[in-house]
1. Can you give me the distance in nm between label points at residue 50 and residue 71, each placed 7 Å from the Cα along the Cα-to-Cβ direction?
2. Grab the Cα-Cα distance for residue 26 and residue 58, subtract it from 0.36 nm times how many residues apart they are, and report the gain in nm with one decimal.
3. Which length gain, in nm to one decimal place, applies between residue 4 and residue 37 when the Cα-Cα distance is subtracted from 0.36 nm times their residue separation?
Amino acid sequence: MEPRVVCVLVLVCVLTLSSLAQGELDTCVVAPHHRANCGTPGITPSQCKERGCCFDNTVSGVPWCFHPAAVENPPDGKAISALWGRKV
């Protein structure tokens with residue numbers, strides 16, 4: 001294989017792993033007053049999720065479509081296992 005093809009394949013793998021890691025290191029458990037708006041008024045749950053955001057309409061006066069919060073200290077190596085697909 002040409003070096004250029006190998007570089008493209010490596011780049012695709014890295015981007016895929018980083019997107020998988022993002023899903024595992026984010027949570028939709030966010031205190032209502034800490035929610036960062038991710039949508040417009042009237043957005044549907046499916047439209048919100050398509051944006052990669054969380055939807056919760058149980059609390060009035062706060063954004064219902066909001067950005068997930070990053071998990072700063074994932075328990076027991078779950079972030080590593082999410083990246084490699086196995087328990088550490």
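What follows is calculated from the coordinates using simple rules that are stated; it is not laboratory data. Owing to the predicted nature of the structure, the values given are computational and were not obtained by experimental measurement. Please note: Cβ atoms are built from the backbone with ideal geometry, for glycine as well, and neighbour counts cover all protein chains shown.
1. Simple spin-label model gives 2.8 nm for this pair.
2. 9.5 nm
3. Taking residue 4 through residue 37 to full extension adds about 7.8 nm, to one decimal.
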